[in-house]
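Novice: Pasting a structure below so you can have a look.
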Amino acid sequence: MFLDEAPEFASGVLETLRQPLESGVIAVARASGVARYPARFTLVLAANPCPCAAAGNASDCSCPAAVRRRYKAKLTGPLLDRIDMQLALLKLKRAEMLADRAYVESSDVVAERVALARERTAHRLRGTPWRTNAEVPIGVLRRRWPIDRKALAALDSKLDSGVLSVRGFDRIMRVAWTVADLVGRERPNNDDVTQAMYLRTGS
């Protein structure tokens, strides 16, 4: 599901996404009981830096500070904590766009790499009720497929300093497994964890 201009949605609508993002299930409570429906999905949110969409250039922004704060506040901490990857994109210059054409991979090449990664994941999860890294309960992931503590050192320091929440730490571990699957490693190493951390925090 792709939500463009995500902060323009009502806060209540955005907050209802938290439960299915966390559990893959949506519960509807009524007087007669509670019905639970499967709701595992991929969520992509896009947002401008502010309502006037000044592309990150503060000098061009016409929005008052209070408006910018209210706009950003629509994407609350608890909601963002459930988003695995969070990237700030810079405005692309024409020269950069033209230069990148020589290095862009075709969809067929990317699709083949993703298919191989899915095969590696399926092989590792064979005999379990899960199909993807995102579905594996974090407790099971920690016990059955632990990542070397040395590879997690950078995450430990960010957790201790408060930059990462426990939920953020766990989600980076899941992404690190996907990165390792994409490059063909049996277990995430320091590079895979670092890449996953960058995709989460931008650093």
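The values are calculated or read from the model by the stated rules, or taken from the named source; none is laboratory data. As the structure is a computational prediction, the values presented were derived from the model and not from experiment. Don't worry about glycine lacking a Cβ; one is built from the backbone with ideal geometry, like all the others, and counts go over all protein chains shown. Remember, those area values only see protein heavy atoms, side chains included, never the ligands or the DNA or RNA. Shrake-Rupley method; radii C 1.70, N 1.55, O 1.52, S 1.80 Å.
Novice: Loop-only GluC sites (Glu not before Pro) in region 32-113, please: DSSP not H, G, I, E or B, and at most 10 other Cβ atoms within 10 Å.
Specialist: GLU105
Novice: Have a look at ALA111, LEU98, THR121 and report the one farthest towards the positive end of the charge dipole of region 41-123, computed about the Cα centre with Cβ charges (Lys/Arg +1, Asp/Glu -1).
Specialist: The residue sitting farthest along the positive end of the dipole is LEU98.
Novice: Check each of the trypsin sites (Lys or Arg not before Pro) in region 68-99 and keep only those in coil by DSSP with at most 12 other C-beta atoms within 10 angstrom; list them in order.
Specialist: LYS91, LYS93
Novice: Taking each pair of distinct Cα atoms in region 105-182 once, what is the resulting Kirkwood hydrodynamic radius in Å?
Specialist: 13.8 Å
Novice: Further, regarding this structure: For ARG30 and ARG185, what is the calculated FRET efficiency with R₀ set at 41 Å and r taken between the beta-carbons, to the nearest 0.05?
Specialist: Calculated value: 0.30.
Novice: Additional query: Given (i) 0.94; (ii) 0.99; (iii) 1.15, which label gives Rg/Rh (Cα atoms, Kirkwood Rh) as computed from the coordinates?
Specialist: Among (i) 0.94; (ii) 0.99; (iii) 1.15, the one derived from this structure is (ii).
Novice: Order the peptides 97-104, 185-192 from the highest to the lowest mean number of other Cβ atoms within 10 Å of their residues.
Specialist: 185-192, 97-104
Novice: Probe of 1.4 angstrom, ligands and nucleic acids ignored: what's the accessible area per residue over region 1-146, in square angstrom?
Specialist: 71 Å²
Novice: With all protein chains present, how much of the accessible area of the chain (probe radius 1.4 Å) comes from carbon and sulfur, to the nearest whole percent?
Specialist: 56 percent
Novice: Once region 1-82 is represented by equal point scatterers at the alpha-carbon sites, with solvent omitted, what log10 I(q)/I(0) does the Debye formula produce at q = 0.12, 0.19, 0.24 Å⁻¹?
Specialist: Each listed q maps to, in turn, -0.45, -0.87, -1.16.
Novice: Would you count, across the chain, every pair of lysines whose alpha carbons are under 30 angstrom apart, provided the pair is eight or more residues apart or spans two chains?
Specialist: 8
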